[in-house]
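Notes follow the structure.
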């Protein structure tokens, strides 16, 4: 359970002592109202899908409880019985000071419909938190609530506060690391009022046009393309009535937020609250599912992590390199479990099998000579000998027969059977349910039980009669499942929202497109290139640090996987380049992150083997130092590596501090750092504070030797 912090936000006084106390309430939408997780969500509601082996809704409820919310109303429509049954048996019932009540409907097809129904039930008594059941956060609500209440006292039209966070989109893909489109927001820097909201800026080829009247009405504004909408809203009760008065409001952002921003008659206002050190994100697509899973494993979401009991999970232990193990795991000695991996209870792993950067659920049976990388394997999955799978999702009960291969981006829905040695093409979606003939709009619910044809087909498959022959031809010998077809447009865009990394060919294509667009924009003065939109002067250093730390952890995971699985150097460099573009980082950031990863590996080797730390560092640099070469294009880049080493010695790798000059000598001997870089680094420190010259003083003799050698050479 997440530890309680702070005071009850609902107990804050509004200046009227004789009013009855209003509990802090939340509305949790347990429906996605989209089809992005099909075919999986034809059989199971999205909020019950496992996220690092725990249902998504448990993360949301655990956070709401820790943030001092007292009453949660869970709205469910699609697969409502599954959600209600799960909650009835969960730890969330009969909790002191925390109640969870379900509101069921079978007629709502949008978030707007859901909020109109809740308004009719008359259960909301005051300000409330509006979230979806796929939200993961550890932020405290106290400050945001206080700001919202203070604004409400000054201005009754301040009806909503949106939580936002720093998130730099890639200049190449126009996407954040969560797979969402680049978001343009205009915010009043003084009041934090939201003035403009547009989440499809990439359709305009990197340009943005603002009406002159808008600029005249708002002489002071900050324009951002580096913010992430966390989809956590603090709302006044008027929000519900606004949905009731406007039946055109269906989507929370596309209709409601944009509608209020352009409505000059009523004068309602939306404000923002930016978080910095806290975590908040929503699982909107398969790419964000992958990113948030990695964040959980890498402990950005603490205390909502696998080894802390906040749900019904059994005890899980955290080992070095970010490896989590549950109980009763049977693992062959010749098998390898790589970094940032979760292994569920009662799972069997055979001989010479390699697993890395993956989540494996409970009760799985994994054979011998299996290679698994970047996959999400849910419960009771069977993977026979010789299978290979990368960056795929396998739902409960899936069977992969011997020698089968999953190319990156594949999604196998419940109880699919992949035939022997069958290769499932990249980005394929496979299900026992045939693809619906009618293509639903993005606003419609996902009903599996409303289509009798789907149920009949499932029964036919399970009974094994003639219909099964059709399935065999689709997914290999003795296989079961339909490969859903994709239109040419869908297939072209599938990489955007997949768990698979962005393909190299796509990166090259997009990079060229960016150059072409930039050239065209330079010749057209009517457009304002997004690259010219400056970030706010008030941007917090915490934001930049968060982004670089995310990048460093991703690079570390890539490097460790390369070490454990003997991945070729060129492939590691390619993956790091992909991460660099995704996070919008410079070359020196890559060099620093790779160097940091190498030093951590050397530290782990020395701790576990008792080997001398300088010796283990020498071994690691000798084997892997060449990975740094593509990112060290000059003296300045090499100085950045030295500065990174200083930072590491003072923070996470203090064992290196007394060995700084010896490790620096190793880097010099291995031609990672040149003489000129070391001398320039020392020269730049001459006017620094004494506290910043610790390692320069430690290196005085080495620096003197370099100077003398340089003079002799001259």
Q. Classify the range 324-364: rounded, prolate or oblate, from the alpha-carbon gyration tensor (a ≥ b ≥ c, eigenvalue square roots; a/c under 1.5 rounded; otherwise prolate if a/b is larger than b/c)?
A. oblate
**Q.** Inter-part distance where the range 249-269 and the range 121-137 are each reduced to a Cα centre, Å
**A.** 19
Q: Determine, from the Cβ-Cβ distance of residue 676 and residue 506 and an R0 of 41 Å, the FRET efficiency 1/(1 + (r/R0)^6), rounded to the nearest 0.05.
A: 0.60
Q: Please order 243, 73 by the number of other Cβ within 10 Å, starting at the fewest.
A: 73, 243
Q: Mind running the shape call on the range 23-138? Use the C-alpha gyration tensor, a ≥ b ≥ c as the square roots of the eigenvalues: rounded below 1.5 for a/c, prolate if a/b tops b/c, oblate otherwise.
A: oblate
Q: Fewest Cβ neighbours within 10 Å first, please rank 599, 486, 139 accordingly.
A: 486, 139, 599
**Q.** Theoretical gain in end-to-end length, residue 85 to residue 701 [0.36 nm per residue, Cα-Cα removed]
**A.** 214.6 nm
Q: Compute the distance in nm between two label points, each set 7 Å from the Cα along the Cα-to-Cβ direction, one at residue 614 and one at residue 319.
A: 3.2
Q | Footprinting exposure proxy for 104, 700, 554 (fewest neighbouring C-beta atoms within 10 Å first) | A | 700, 104, 554
Q) What is the range 585-713 by shape, rounded, prolate or oblate, if you read a ≥ b ≥ c off the alpha carbon gyration tensor as root eigenvalues and call it rounded for a/c under 1.5, prolate for a/b larger than b/c, and oblate otherwise? A) rounded
Q: Work out how much length residue 435 to residue 662 would gain on full extension: take 0.36 nm times their residue separation and subtract the Cα-Cα distance, in nm to one decimal.
A: 75.4 nm
Q: Express in nm, to one decimal, how much length is gained between residue 636 and residue 211 on full extension, taking 0.36 nm for each residue of separation and deducting their alpha carbon distance.
A: 148.7 nm
Q | Per-selection metrics, the range 259-302 (Cα): Rg and Dmax in Å | A | 16.5, 48
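Quick note: the coordinates plus some simple rules give every number you see, no bench work behind them. All values reported here derive from a predicted model rather than from experimental measurement. Neighbour counts run over all protein chains shown; Cβ positions are idealised from the backbone, glycine included.
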